[in-house]
Amino acid sequence: MKIDDTEFSEHYYQLSYMLSRFIVPTMRETYREFGGDMLLTLVLGEIATRNLGQFFRSGEPELPESMLNDPDLQRRLLRPCNALSIANATGIPRETVRRRVKTLCELGFIEQDERGHLYVTQKAADHFQRLTRSTLENLLPIAESLSALLKR
C-alpha cells in the first residue's frame with residue numbers, strides 16, 4: 001500500500017499515536033521476555049530472519065516439521081549467517097554480537113556450527129510462539145485502523 005503524502009500529513013499525529021499503541025506495548029513485552037536485553041532480541045531476530053527469509057522467498061509455504069530440529073536439513077534449506085554479518089546488518093559491534101550469540105547458544109535459541117554459521121532452533125520457535133501470537137493479535141486491529149484512516 002502506497003501512502004498518500006497529503007493523507008499522511010493530514011493525519012500525522014493520529015497515525016503516530018495509533019502506531020505507538022502497537023509499538024510501545026510490543027517493545028515493553030519484548031523487553032520483559034529478554035530480561036531487558038534488547039540487543040539479544042535484535043541479534044536473535046536478525047539470525048532468524050536471515051535463516052528463514054531464503055526459505056520463504058523460495059516459495060515454500062511451510063517449514064518441514066522437523067527442520068529446526070534437524071541440523072542437516074537446516075544447513076541445506078536455511079540461509080546461514082555469522083556474527084560478522086549480524087554486526088554489519090545491525091550496527092552492533094562485533095564483540096557485542098559475539099557475546100549475545102554465546103548467550104543465545106547457552107539458552108538453546110540458536111546453534112553455531114563448526115564454521116561459525118548461526119541457525120535458529122525449534123526451542124526458540126516454541127518459546128516465542130505465545131509472544132508472536134500476542135504481537136499479531138495486537139497488530140492486526142491497529143493495522144486495519146491505520147489503513148482505514150489513510151483511505152479516507
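Coordinate-derived values only; no laboratory data. Just so you know, these numbers come straight off a predicted model, no measurement behind them. FYI the Cβ positions are ideal-geometry reconstructions off the backbone, even for glycines, and counts take in every protein chain you see.
Taking 35 Å as R0, compute the FRET efficiency from the Cβ-Cβ separation of ASP72 and ARG32 and round it to 0.05.
Working: r = 35 Å, r/R0 = 1.01.
Efficiency at R0 = 35 Å is approximately 0.50.
Thinking of the chain as a set of Cα atoms, what percent of all their pairs are more than 26 Å apart? Numbers along the way, then the final one.
Values: 4535 of 11476 pairs.
So the portion of pairs separated by more than 26 Å is 40 percent.
With no solvent and one point on each alpha carbon, what is the Debye value of log10 I(q)/I(0) for the range 46-120 at q = 0.18 Å⁻¹?
Those come out to -0.70, one per q.
Specify which residue in the list TYR119, GLN54, SER85 is farthest towards the positive end of the charge dipole of the range 46-120, using unit charges on the beta carbon of Lys, Arg (+1) and Asp, Glu (-1), about the Cα centre.
SER85
Using only alpha carbon pairs under 8 Å that are at least six residues apart, calculate the relative contact order of the chain and give it in whole percent. Before the final figure, lay out each step's value.
Numbers: 118 pairs, mean separation 42.7, N = 152.
Answer for the chain is 28 percent.
At what distance in nm do the modelled label points of GLU106 and LEU136 sit from each other, each positioned 7 Å from its Cα along Cα→Cβ?
3.2
Could you tell me whether the range 1-58 comes out rounded, prolate or oblate from its Cα gyration tensor? Rule is a ≥ b ≥ c as square roots of the eigenvalues, rounded for a/c under 1.5, then prolate if a/b exceeds b/c, otherwise oblate.
Working: a/c = 4.06, a/b = 1.41, b/c = 2.89.
Note, shape of the range 1-58 comes out oblate.
Let me spell out the model: positive unit charges on the Cβ of Lys and Arg, negative unit charges on the Cβ of Asp and Glu, origin at the Cα centre of the chain. What dipole size does that give, in debye rounded to 20? Let's see the in-between values first.
Working: 20 positive and 21 negative charges, 66 e Å.
Charge dipole, the chain, about its Cα centre: 320 debye, nearest 20.
Can you give me the span-like helices of the chain, meaning DSSP H runs with 15 Å or more of Cα extent along the axis and Kyte-Doolittle mean at or above 0.0? Can you show the working numbers first?
Numbers: long enough: 12-33 (31 Å, -0.50); 38-57 (27 Å, 0.77); 94-107 (20 Å, -0.84); 129-150 (31 Å, 0.29).
Span-like helices, by this rule, are 38-57, 129-150.
Sorting MET18, MET1, MET67, MET27 on the 10 Å Cβ count, fewest up front, what's the list?
Numbers: MET18 17, MET1 7, MET67 20, MET27 13.
Going from least to most buried by this count: MET1, MET27, MET18, MET67.
Can you sort ILE47, ILE3 from fewest to most other Cβ atoms within 10 Å of each residue's own Cβ?
Details: ILE47 29, ILE3 11.
Fewest-to-most Cβ neighbours within 10 Å comes out as ILE3, ILE47.
For the chain, set up a Gaussian network in which alpha carbons nearer than 10 Å are linked by springs, and say which option among GLU29, GLU95, GLU111 fluctuates the most.
Looking only at GLU29, GLU95, GLU111, the largest GNM fluctuation is found for GLU95.
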